[in-house]
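**Q** First, the structure itself, so that you have it in front of you.
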Amino acid sequence: MTTTLVVQGLEKTYGSGDDAVRAVRNVSFETRPGEFVALVGPSGSGKTTLLAMVGGLLAPTGGRILVNDREVGGTSKRDLARYRREMIGFVFQANNLLPFLTAWENLLVPAILGSTDKKEAGARADRLLEELGLTKRRNALATQLSGGERQRVAIARALMNDPRLVLVDEPTASLDSARGRQVVESLIQEVRSRDVLGIMVTHDMAMAELADRVLEMHDGEIREHRAGKLADQVPK
Amino acid sequence: MKYGGSGDDTPAASIVLLKGDDLPGKKGEGYEVYDKATAFANIEGVSGQQSTVTSLRVFGYLIGALVIGVFFYVLTLQKIPQIGVLKAIGASNLFVFRQILLQVVGISLIGLAISVPLAMLTDAGLRRLPDAVPIAFTTGTFVTTAALLLVTSIVGTAFSARQVIKVDPIIALGQQQ
Ligand SMILES: Nc1ncnc2c1ncn2[C@@H]1O[C@H](COP(=O)(O)OP(=O)(O)OP(=O)(O)O)[C@@H](O)[C@H]1O
Ligand SMILES: [Mg+2]
């Protein structure tokens with residue numbers, strides 16, 4: 001199943017009156033099937049705000065988000081939690097994993113939330129760990145993993161429930177550039193091989209260039225769409 | 001038999017234990033029969049001591065409850081970042097709360113498994129002292145205290161339910177390492 005994402009006239013204003021911050025202003029864009037999009041822009045330009053709204057973590061103050069022609073938001077907290085559980089895979093900047101669980105156990109968390117069959121989930125977790133080169137670290141506690149390993153486990157976890165959209169915010173913030181690049185490359189490879197939409201927020205232009213398309217934000221608006229440098233070189 | 005002081009004016013005060021039916025309430029020259037509880041309560045100092053012991057016990061339970069409550073509250077507060085991530089990836093409040101409750105009951109049971117044997121040892125130790133300390137640890141005390149502790153922990157957890165509901169899943173996006 002191909003996933004479509006349509007964002008129309010999206011707005012987010014924090015606060016009101018004199019303190020109001022218009023963080024996202026009239027943003028519209030559409031993704032192409034199976035696309036991996038990088039969202040770049042200076043600090044405070046509204047990247048995280050936009051990502052949070054697409055991910056059902058934040059209610060827009062205007063406009064619409066359509067995933068597979070169904071509108072996100074305007075629904076109850078419970079519906080949003082369900083939307084996140086079933087449709088979205090998140091990779092956060094840090095503290096993704098539960099520290100007292102092993103890598104493998106962390107992967108089972110989404111399966112438990114989604115009440116997937118336990119045995120099937122276990123096998124799926126093992127497969128994902130292998131794909132991300134983490135089989136050896138399967139039984140290591142999250143706290144015993146290196147930063148890069150932790151982010152790769154987080155990527156695996158994001159894919160556990162077979163999401164339609166993978167949303168990533170600054171996945172390499174805590175990594176050196178070589179390790180960061182490895183993580184982003186695995187992320188893109190995993191997302192592409194599944195026909196899932198990916199959106200990654202990053203400060204790092206070198207990482208952004210790995211994507212199919214780069215959206216650049218300034219002061220809450222998308223100023224520039226352009227193809228990633230390597231878009232044509234990565235086989236689909 | 002004569003009890004009390006030697007002077008004639010000194011009131012003779014003492015207790016003679018009697019066993020039999022329908023004794024309490026009988027009166028005679030210079031004596032009156034009470035049941036045991038009333039007799040103890042009327043001994044000067046005993047009621048005072050009793051109320052001291054009772055308030056010690058009540059405060060003991062209250063302080064215990066407070067400590068347990070604060071402990072689990074802090075435990076929940078420390079986990080707010082993790083609760084944020086769990087909720088962000090779609091966990092319901094109910095799910096998070098259930099996990100906390102399970103942990104609390106688990107920790108409480110472990111606590112009991114450690115503390116009950118310790119209390120028993122203390123009891124045995126006190127009995128061996130040459131001057132026996134007048135404390136009795138009865139099975140009843142153990143059962144009540146253990147049950148109270150467990151109930152307190154669970155009730156205390158109810159307060160962390162508010163914390164859980166208050167956690168906004170969006171914090172998962174803002175966390176630095
Ligand atoms: N909860 C909030 N309340 C008020 N203002 C906020 C809130 N969150 C973000 N903002 C403001 O909205 C604007 C956009 O913030 P956002 O976090 O989306 O930027 P960003 O592009 O992700 O920045 P960074 O690269 O630093 O992460 C900023 O001006 C920020 O100060
Ligand atoms: Mg941000």
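The values are calculated or read from the model by the stated rules, or taken from the named source; none is laboratory data. Please read all numbers here as calculations on a predicted model, not as lab measurements. Positions of Cβ are backbone-derived with ideal geometry, glycine not excepted, and every protein chain shown enters the neighbour counts. What goes into the accessible areas is simple: the full protein's heavy atoms, side chains included, and nothing from ligands, DNA or RNA. Shrake-Rupley method; radii C 1.70, N 1.55, O 1.52, S 1.80 Å.
**Q** For the structure I just gave you, tell me whether B:A37 is away from chain A (no Cβ under 14 Å), within 30 Å of B:L18 (Cα to Cα) and surrounded by 11 or more Cβ atoms within 10 Å (Cβ to Cβ).
**A** no
**Q** Free of Cβ contacts under 8 Å to residues at least 60 places away in the same chain and either within 16 Å of ligand 1 (Cβ to nearest atom) or open to solvent by less than 20 Å² (accessible area, probe 1.4 Å) (or both): does that describe A:V184?
**A** Against the criterion (free of Cβ contacts under 8 Å to residues at least 60 places away in the same chain and either within 16 Å of ligand 1 (Cβ to nearest atom) or open to solvent by less than 20 Å² (accessible area, probe 1.4 Å) (or both)), A:V184 qualifies.
**Q** Hey, does the stretch A:155-173 have a residue that's farther than 18 Å from A:G89 by Cβ, within 14 Å of chain B (Cβ to nearest Cβ) and either open to solvent by less than 20 Å² (accessible area, probe 1.4 Å) or of a type outside the set (S, T, N, Q) (or both)?
**A** Keep residues of the stretch A:155-173 that are farther than 18 Å from A:G89 by Cβ, which gives A:173.
Of the ones still in play, those that are also within 14 Å of chain B (Cβ to nearest Cβ) are A:173.
Next, only the ones that are either open to solvent by less than 20 Å² (accessible area, probe 1.4 Å) or of a type outside the set (S, T, N, Q) (or both) stay: A:173.
Looking for residues that are farther than 18 Å from A:G89 by Cβ, within 14 Å of chain B (Cβ to nearest Cβ) and either open to solvent by less than 20 Å² (accessible area, probe 1.4 Å) or of a type outside the set (S, T, N, Q) (or both), one finds at least one in the stretch A:155-173, hence yes.
**Q** Which residue pairs have Cβ atoms closer than 6 Å, lie 6 or more positions apart in sequence or on different chains, and pair a first residue in the stretch A:46-59 that is under 16 Å from A:E170 (Cβ atoms) with a second residue that is near ligand 1 (Cβ under 10 Å from one of its atoms) and in a helix (DSSP H, G or I)?
**A** A:T48/B:L173; A:A52/B:L173
**Q** Looking at B:L77, B:L62, which one is surrounded by 11 or more Cβ atoms within 10 Å (Cβ to Cβ) and more than 15 Å from the chain's Cα centre (by Cα)? Quick ask: steps written out before the conclusion?
**A** On the way: B:L62 fails: more than 15 Å from the chain's Cα centre (by Cα).
Of B:L77, B:L62, the one residue that is surrounded by 11 or more Cβ atoms within 10 Å (Cβ to Cβ) and more than 15 Å from the chain's Cα centre (by Cα) is B:L77.
**Q** A further question follows. Can you tell me which residue among A:R82, A:R32, A:R70 is more than 17 Å from A:G9 (Cβ to Cβ), more than 13 Å from ligand 1 (Cβ to nearest atom) and within 9 Å of chain B (Cβ to nearest Cβ)? Write out each step before concluding.
**A** On the way: A:R32 fails: within 9 Å of chain B (Cβ to nearest Cβ); A:R70 fails: within 9 Å of chain B (Cβ to nearest Cβ).
Result: A:R82 is the single residue among A:R82, A:R32, A:R70 that is more than 17 Å from A:G9 (Cβ to Cβ), more than 13 Å from ligand 1 (Cβ to nearest atom) and within 9 Å of chain B (Cβ to nearest Cβ).
**Q** Further, regarding this structure: Quick one: how many residues across the stretch A:23-44 are within 16 Å of ligand 2 (Cβ to nearest atom) and either open to solvent by 80 Å² or more (accessible area, probe 1.4 Å) or part of a loop (DSSP other than H, G, I, E, B) (or both)?
**A** Final tally of qualifying residues: 4.
**Q** Something else: Is it fair to say B:L118 is away from chain A (no Cβ under 14 Å) and surrounded by fewer than 16 Cβ atoms within 10 Å (Cβ to Cβ)?
**A** So B:L118 fits the description; yes.
**Q** Give the stretch B:75-100 a look and list any residue that's hydrophobic (A, V, I, L, M, F, W, C) and more than 11 Å from chain A (Cβ to nearest Cβ), or say none.
**A** Within the stretch B:75-100, B:L75, B:L77, B:F97, B:I100 qualify.
**Q** For the stretch A:97-108, what are the residues that are assigned to a helix (DSSP H, G or I) and surrounded by 21 or more Cβ atoms within 10 Å (Cβ to Cβ)?
**A** Those that are assigned to a helix (DSSP H, G or I) and surrounded by 21 or more Cβ atoms within 10 Å (Cβ to Cβ): A:A103, A:N106, A:L107.
**Q** Another one. Which count do you get for residues in the stretch A:178-205 that are at pLDDT 90 or above and among the small types (G, A, S)?
**A** Matching residues across the stretch A:178-205 total 1.
**Q** Which condition number does B:R127 fail, the rest of (1) open to solvent by 60 Å² or more (accessible area, probe 1.4 Å); (2) at pLDDT below 85; (3) within 18 Å of B:R57 (Cα to Cα); (4) assigned to a helix (DSSP H, G or I) being met?
**A** Checking B:R127 against (1) open to solvent by 60 Å² or more (accessible area, probe 1.4 Å); (2) at pLDDT below 85; (3) within 18 Å of B:R57 (Cα to Cα); (4) assigned to a helix (DSSP H, G or I), the one that fails is (3).
**Q** Looking only at residues that are open to solvent by 30 Å² or more (accessible area, probe 1.4 Å) and farther than 21 Å from A:T3 by Cβ in the stretch A:45-96, which one is modelled with the lowest pLDDT?
**A** A:N95
**Q** A further question on this structure: What do you reckon, is A:G89 at positive phi and either among the small types (G, A, S) or within 8 Å of another protein chain (Cβ to nearest Cβ) (or both)?
**A** Criteria not met by A:G89.
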